[in-house]
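Accompanying notes for the structure given below.
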Amino acid sequence: MIIQINHNLDKERGIICAEKIFFKLAEQYKDEFSDLKQETNGNEIDFSFKIRGMKINGQITVNENKVVIESNLPFAARIFQGMIETQIKENADKMLSECK
């Protein structure tokens with residue numbers, strides 16, 4: 001799964017805002033979302049979490065005008081891929097536009 005979101009923040013601010021994407025989702029879907037872990041190295045954020053008990057991990061890369069979220073979904077989560085992508089993209093768009 002690859003999600004790309006355009007932004008108009010400088011790179012450093014983009015990294016700070018991107019670090020909040022999954023924290024907001026964890027708050028919003030606290031009954032389904034657990035075990036969030038993130039590690040930031042430069043402009044890359046490695047992440048992992050569980051949604052409905054299924055472990056998802058991947059990486060967020062923050063570039064000058066774009067944030068790219070890449071993740072391999074477990075087979076059992078693929079039936080929810082559309083919903084997962086939509087929720088992540090909507091939350092990321094909102095987070096990046098409000099985080100100035």
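Laboratory data are not the source of any read-out in this text; all were calculated from the coordinates shown. None of these values were measured; they are calculated from a predicted model. Virtual Cβ from ideal backbone geometry, glycine too; neighbours counted across all protein chains shown.
Taking a straight line from the alpha carbon of Lys66, these aspartates and glutamates sit under 16 Å away, with near neighbours fewer than eight places off in the same chain left out: Asp10, Glu12, Glu19, Glu44, Glu90, Asp93, Glu98. The label point for Lys55 and the one for Ala76, both projected 7 Å from the Cα toward the Cβ, are 1.2 nm apart. Extension gain, Glu90-Glu32: 0.36 nm per intervening residue step, less the Cα-Cα distance, totals 19.1 nm. Note on segment 14-54: percent of Cα-Cα distances in each 5 Å bin, starting at 0 and stopping at the bin with the largest distance, equals 6, 24, 31, 21, 13, 6, 0.
What percent does the relative contact order of the chain come to when contacts are Cα pairs within less than 8 Å and at least six residues apart?
Worked out over the chain, it gives 37 percent.
Report, as a whole number in µm² per second, the diffusion coefficient that Stokes-Einstein gives for the chain at 25 °C and 0.890 mPa s using the Kirkwood radius over alpha carbon pairs. Roughly 182 µm²/s, to the nearest whole number.
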